[in-house]
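Enquirer: Please read through the structure below; I'll follow up with questions.
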Amino acid sequence: MNYYGKKDNGKLVCLLCSYYCEIDIDKVGICGVNKNTGEEIKCLVYGHISAFNIDPIEKKPLYHFLPDSNSLSLGTVGCNFHCNFCQNHGISQEKNIDTSNYIDPKRVVEIASLNECKSISYTYNEPTIFYPFAKDIALEAKKKGIKSVFVSNGFESSEVIEDMKGVIDAINVDLKSFDEKYYKTKLGGNLHQVLENLITFNKNGIHLEITTLLVPTRNDSKEEITKMVKWIKENLGVDIPWHISAFHPDYKELSLPRTSIETLFMAKQLAKDYGLNYVYIGNAGLDNITSCPKCSENLISRKYFEVQSSKLVDGKCPKCNHKIYGVFK
């Protein structure tokens, strides 16, 4: 795809995310890393990785996508959001790009292959802003049978979402709140667009899981959680996994307490009461079990980010043969 469009006034429009920044020559968009050179919009972080690790796929978190496998995880600097609680603010809110190190897509895939990673995850900061780099890696990875994962705020442009089909295999979207005002004033983007994008990801057949970080006094009311759970059920279905994540003080939100265990269990119970089949609590040191929604058989047991046991047979419950939502090979 072409990652930019031209305006009659000479500005270039970035097509990577739903801000659709109109950028003057020699200026960058909201993300700080995509620049109008006068001829094109150049992704300044292409090849310049700021975080590079091998993680269990469960850490993304993805519990229904290649469980008990490793993912080569990478990110750059920059982000199109400005969340006050960002745990990766050291890179996501950084605008200075270290260009002393360059790694090309083929080399990234070689490293993933050498380390027997079944996937490559574009994470730590918002991958949409370095989609040209991520896409080139993903296309190389496909040649080796390695899948690609986005961990995203869900504010992709419609052009990128369309382009992701057949390129990106799975996505975990941070549904950060169900309050439009909170999104616009404290996070970035807008709730309506994130919800529309979730629906499109699901329709496009990209494996989807959702994470919500419950931040005390910000998005953890019973009323807001109920609205979110109802929306997921009515628009995405009961099988989309929902990860409820515990907040700890970080970045600009140092005065808030950690998310209480009572709040986490309240949210999980609400989700179960509304019929969501796969609800997990993260960042709290709890075991997470995937159970069959039809017969209640315990299928996958996890401790922290490690799979302790799995009974799945070809992605199905061995007891009642119910097919479990996910990608298991």
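The values are calculated or read from the model by the stated rules, or taken from the named source; none is laboratory data. Model, not experiment: these values are computed from the prediction. Cβ atoms come from the backbone with ideal geometry, glycine included; neighbour counts cover every protein chain shown. Areas reflect the complete protein model, heavy atoms only, side chains present, ligands, DNA and RNA absent. Shrake-Rupley method; radii C 1.70, N 1.55, O 1.52, S 1.80 Å.
Enquirer: So which strands (runs of 3 or more DSSP E) stay within the range 228-329 end to end and still have 3 or more residues that are in contact (Cβ under 8 Å) with a residue 60 or more places away in the chain?
Expert: 306-310
Enquirer: With respect to Tyr131, is the statement that it is open to solvent by less than 10 Å² (accessible area, probe 1.4 Å) and over 30 Å from Glu224 (Cα atoms) true?
Expert: yes
Enquirer: Looking at Thr217, Thr212, Thr226, which is the one that is at pLDDT 95 or above, on the phi > 0 side of the Ramachandran plot and of a type in the set (Ser, Thr, Tyr)?
Expert: After ruling out the rest, the residue left standing is Thr217.
Enquirer: Please work out which one of (1) modelled with pLDDT of 95 or more; (2) hydroxyl-bearing (Ser, Thr, Tyr); (3) farther than 30 Å from Gly326 by Cβ; (4) surrounded by fewer than 19 Cβ atoms within 10 Å (Cβ to Cβ) is the condition Ser50 fails and give its number.
Expert: With respect to (1) modelled with pLDDT of 95 or more; (2) hydroxyl-bearing (Ser, Thr, Tyr); (3) farther than 30 Å from Gly326 by Cβ; (4) surrounded by fewer than 19 Cβ atoms within 10 Å (Cβ to Cβ), Ser50 is out only on (4).
Enquirer: Within the group Ile120, Ile146, which residue is without any contact (Cβ under 8 Å) to a residue 60 or more places away in the chain and surrounded by 24 or more Cβ atoms within 10 Å (Cβ to Cβ)?
Expert: Of the residues listed, the single one that is without any contact (Cβ under 8 Å) to a residue 60 or more places away in the chain and surrounded by 24 or more Cβ atoms within 10 Å (Cβ to Cβ) is Ile120.
Enquirer: Any chance you could count how many residues in the range 98-135 are more than 22 Å from Lys60 (Cα to Cα) and either modelled with pLDDT under 95 or in contact with a Cys (Cβ under 9 Å, 6 or more places away or on another chain) (or both)?
Expert: So the answer is 4.
Enquirer: Yes or no: the range 93-102 includes at least one residue that is at positive phi, touching a residue at least 60 places away in the same chain (Cβ under 8 Å) and open to solvent by less than 60 Å² (accessible area, probe 1.4 Å).
Expert: The answer is no, given that none of the residues of the range 93-102 is at positive phi, touching a residue at least 60 places away in the same chain (Cβ under 8 Å) and open to solvent by less than 60 Å² (accessible area, probe 1.4 Å).
Enquirer: Please work out if Glu180 is open to solvent by 30 Å² or more (accessible area, probe 1.4 Å), touching a Leu at 6+ places or on another chain (Cβ under 7 Å), on the phi < 0 side of the Ramachandran plot and not β-branched (Val, Ile, Thr).
Expert: yes
Enquirer: Would you check which residues across the range 53-78 are open to solvent by less than 20 Å² (accessible area, probe 1.4 Å) and farther than 19 Å from His207 by Cβ and list them?
Expert: Leu74, Gly75, Thr76, Val77, Gly78
Enquirer: Can you tell me which of Glu140, Glu110 is more than 24 Å from Asn2 (Cα to Cα), among the charged types (D, E, K, R) and surrounded by fewer than 24 Cβ atoms within 10 Å (Cβ to Cβ)?
Expert: Just a single option satisfies the conditions, and that option is Glu110.
Enquirer: Please verify whether the range 284-292 includes one or more residues that are open to solvent by less than 10 Å² (accessible area, probe 1.4 Å) and among the β-branched types (Val, Ile, Thr).
Expert: yes
Enquirer: Among the residues of the range 124-144, is there at least one that is under 15 Å from the mean Cα position of the chain (by Cα), within 27 Å of Cys21 (Cα to Cα) and assigned to a strand (DSSP E or B)?
Expert: Taking every residue of the range 124-144 in turn, none turns out to be under 15 Å from the mean Cα position of the chain (by Cα), within 27 Å of Cys21 (Cα to Cα) and assigned to a strand (DSSP E or B).
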